[in-house]
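Colleague: Here it is: the structure, laid out below.
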Amino acid sequence: MNAYRLLYPMRTYLVVSGHGEEANVMAADWVTILSHEPFMVGVAVSPRRYTHRLISKYKEFVISVPSLDMLRDVWIAGTKSGPSKLKDMNITLVPSMKTETPSIREALANIECRVVDARDYGDHTWFVGEVVGWSYNGEAFKNGKPNLKFKFLAHAAWTDFVTFEDKIYKTE
Ligand code: FMN
C-alpha cells in the first residue's frame with residue numbers, strides 16, 4: 001500500500017491549464033490553501049503530466065471544484081493525457097474572469113491562479129498560485145459555506161470516490 005494513502009480521503013479537484021486548442025484538464029488531489037491574504041493555493045503536479053508543461057509555459061492554472069455528478073469527467077481527466085481527452089468529456093470551458101486559462105461551467109467553483117513559485121519536491125513540482133479571480137455556483141456556496149447537497153467530491157482510493165454526509169455536527 002502507498003503510505004500517502006494514510007492521508008486519505010482527500011478532496012479531488014480539476015486543474016485547467018493552457019487555453020484555446022491547447023486547453024487541458026487533469027484531476028488533482030494534492031491541492032491546498034497556503035495563504036488567506038493574499039489568497040494563495042498550491043498544487044503538486046508530476047513533470048510527467050501534460051498539465052505540467054502547460055502550467056510551466058503559461059504560468060497560470062485554474063482549480064475547478066467538481067461535484068460527484070462530474071465523476072465520469074474527473075476519471076477521464078485523471079486517466080487520460082493531453083487536450084484530446086476533452087472531446088470525450090462533458091464539460092464546457094468558459095472564459096475566466098482574470099486568467100487566459102478557462103474555467104469549467106459545470107464546476108461548483110473555479111479559482112483562477114497566476115504562478116508565483118514552482119519548486120520540485122521529490123517526484124512532483126509544487127506550483128504556488130496567487131488567486132487573481134474566482135467564480136462559483138451561488139447555490140452550492142450559500143451563506144458563505146458549502147452546501148453539502150451539491151455532493152462535493154472526495155477520493156478514498158484509486159477507483160473509489162466518496163461524498164460528504166449532508167449532516168452538520170456543531171461544536172457548541
Ligand atoms: N497527478 C498529479 O500530478 N497530482 C495530483 O494531485 C493528482 N491527483 C489525482 C487524483 C485523481 C483522483 C486521479 C484519478 C489522478 C490524479 N493525478 C494526479 C494523475 C493525473 O490526473 C493523470 O496523470 C492525468 O492523466 C494527467 O493528465 P495530463 O497528462 O493531461 O496533464
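The values are calculated or read from the model by the stated rules, or taken from the named source; none is laboratory data. If you're wondering where the values come from, they're calculated on a predicted model, not measured in any experiment. Neighbour counts are summed over all protein chains in view; Cβ atoms, including those assigned to glycine, are modelled from backbone coordinates with ideal geometry. Protein only, heavy atoms only, side chains kept; ligands, DNA and RNA dropped before computing areas. Shrake-Rupley method; radii C 1.70, N 1.55, O 1.52, S 1.80 Å.
Colleague: Most fluctuating residue of Phe152, Phe61, Phe39 in a GNM of the chain with Cα springs under 10 Å: which is it?
Modeller: Phe39
Colleague: Another question, then. About the Cα centre of the chain, how large is the charge dipole given +1 on each Lys and Arg Cβ and -1 on each Asp and Glu Cβ? Please answer in debye to the nearest 20. Walk me through the intermediate numbers first.
Modeller: Details: 21 positive and 20 negative charges, 36 e Å.
The calculation lands at about 180 debye.
Colleague: From a point 7 Å beyond the Cα of Lys87 in the direction of its Cβ, which residues of segment 2-31 have a backbone N at a distance under 17 Å?
Modeller: Counting only backbone N, you get 20-25.
Colleague: While we're here: What whole-number value in Å² describes the accessible area per residue of the chain for a 1.4 Å probe?
Modeller: Roughly 58 Å² per residue, with all protein chains present.
Colleague: Only helical DSSP H runs with n ≥ 4 go in: add -39500 (n - 2.57) per run for the chain, normalise by residue count and round the 222 nm mean residue ellipticity to 500 deg cm²/dmol.
Modeller: So the calculated ellipticity at 222 nm is -3000 deg cm²/dmol.
Colleague: While we're here: With labels modelled as points extended 7 Å from the Cα through the Cβ direction, what inter-label distance (nm, one decimal) is found for Thr163 paired with Lys142?
Modeller: 1.5
Colleague: Here's a follow-up. May I ask you to derive the relative contact order of the chain, considering only C-alpha pairs under 8 Å and at least 6 residues apart, and to give it as an integer percent? Don't jump to the answer; show the numbers that get you there.
Modeller: Values: 358 pairs, mean separation 42.6, N = 172.
So the answer I get is 25 percent.
Colleague: Report the one residue of Val31, Val16, Trp158 whose Cα lies farthest in the direction of the positive end of the charge dipole of the chain (charges on C-beta: Lys and Arg +1, Asp and Glu -1; origin at the Cα centre).
Modeller: Toward the positive end, the furthest listed residue is Trp158.
Colleague: All other residues with a Cβ under 14 Å from the Cβ of Ala28 taken together, and with Lys, Arg as +1 and Asp, Glu as -1, what is their net charge? Don't jump to the answer; show the numbers that get you there.
Modeller: Working: positive: Arg11, Arg48, Arg49; negative: Asp29, Asp73.
Result for the local shell: +1.
Colleague: Assuming 0.36 nm per residue, please report the length gained on full extension of the stretch Asp69 to Arg5 beyond their Cα-Cα distance. Walk me through the numbers before you get to the answer.
Modeller: Values: separation 64, 0.36 × 64 = 23.04 nm, distance 2.38 nm.
Full extension of this stretch gives 20.7 nm more.
Colleague: More than 30 angstrom separation, counting every C-alpha pair in the chain; what % is that? It would help to have the intermediate numbers written out before the result.
Modeller: Details: 1885 of 14706 pairs.
Percent of Cα pairs beyond 30 Å in the chain: 13.
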